[in-house]
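One structure is given here, and the rest of the page talks about it.
Coordinate-derived values only; no laboratory data. It should be emphasised that the depicted structure is a prediction, and the values quoted were computed from it without experimental measurement. With ideal geometry, Cβ positions are generated from the backbone for all residues, glycine too; neighbour counts draw on all protein chains shown.
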Amino acid sequence: MTASDTGLDKHDWQLLSVLTLNPDATPGEVRMRADMLPPSTWGSNLRGMLTNAAWRKLSRETSEAAGRRCVICGSESFGPNHTPQNPDCHEMWVFEVVDGVLVQRLERLVALCKACHNVQHAGRAEKLGLTGDVVDTLCRVNRWVPAEAEDDIDRAWDRYELMSGLEFDLDLRALVGRIQVGDGVDLYFQADEREKLGNSWLKGPNGPIAPTLFDLPTEGEERR
Ligand SMILES: [Zn+2]
């Protein structure tokens with residue numbers, strides 16, 4: 001999809017290009033904002049495209065590079081019975097226009113605790129009744145008051161609505177040499193190629209599952 005087909009203005013593009021994670025934030029900078037992905041990208045992710053073994057390897061490497069701690073808040077992760085667990089592996093995406101074309105580009109993989117990961121899927125969190133937790137996490141990480149966190153969630157919904165009618169090429173070149181996806185040598189795929197690459201919603205243990213917001217699976221649940 002080309003930028004000229006969208007009818008978006010300068011303000012829209014500023015909203016669309018907001019970065020929601022800043023692991024390198026200095027004191028006083030915003031460390032994390034709420035996020036939610038547009039429907040055209042749901043399930044079209046690395047976990048859907050890679051073998052389970054390849055995804056687990058990436059997830060493990062991401063966790064180890066972060067010292068098995070969340071890169072945003074520094075928390076360790078625990079599973080049932082307080083069992084130590086690798087943090088979730090989250091794809092940090094950038095939405096941008098390159099040569100007039102809309103692109104979803106993988107910036108890097110990051111290790112996140114469950115609480116911070118929920119902030120990055122704030123739409124799903126709301127459906128699960130976890131918006132209070134999202135507000136609490138934003139306040140804790142950014143030293144915000146609740147009203148600031150709530151304003152940021154509203155901004156994320158505005159961005160979500162803005163992006164809902166848009167389709168994006170997929171740029172995974174940050175992982176060249178580390179993964180193989182389909183026949184793609186350079187790990188860049190046009191929007192209409194994405195469907196055939198695989199979808200994490202179709203990898204449920206009982207076969208395909210309906211792609212609704214309520215059915216989003218949890219991500220990166222590998223134990224240490
Ligand atoms: Zn965290």
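What does the highest-first list of 18-28, 130-140, 96-106 look like by mean Cβ count within 10 Å?
130-140, 96-106, 18-28
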With θ set to phi - 60°, apply the Karplus curve 6.51 cos²θ - 1.76 cosθ + 1.60 along region 131-146 and write out the HN-Hα couplings as whole Hz, x wherever there is a Gly or Pro. 4, x, 5, 4, 4, 4, 5, 4, 5, 5, 6, 9, 6, 8, 8, x
Take the alpha carbon atoms of region 159-201, find their center, do the same for region 97-144, and report the distance between the two centers in whole angstrom. 19 Å
With +1 on each Lys and Arg Cβ and -1 on each Asp and Glu Cβ, and nothing else charged, work out how big the dipole of the chain is about its Cα centre, in Debye to the nearest 20. 1080 debye
For region 50-60, what does the Karplus curve 6.51 cos²θ - 1.76 cosθ + 1.60, with θ = phi - 60°, yield as ³J(HN,Hα) per residue in whole Hz, taken in order and with x for Gly and Pro? 9, 5, 4, 5, 5, 5, 4, 5, 4, 4, 5
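Which value at 222 nm does the chain reach when only helices count, each DSSP H run of 4 or more adding -39,500 (n - 2.57), with the total divided by all residues and rounded to the nearest 500 deg cm²/dmol?
-9000 deg cm²/dmol
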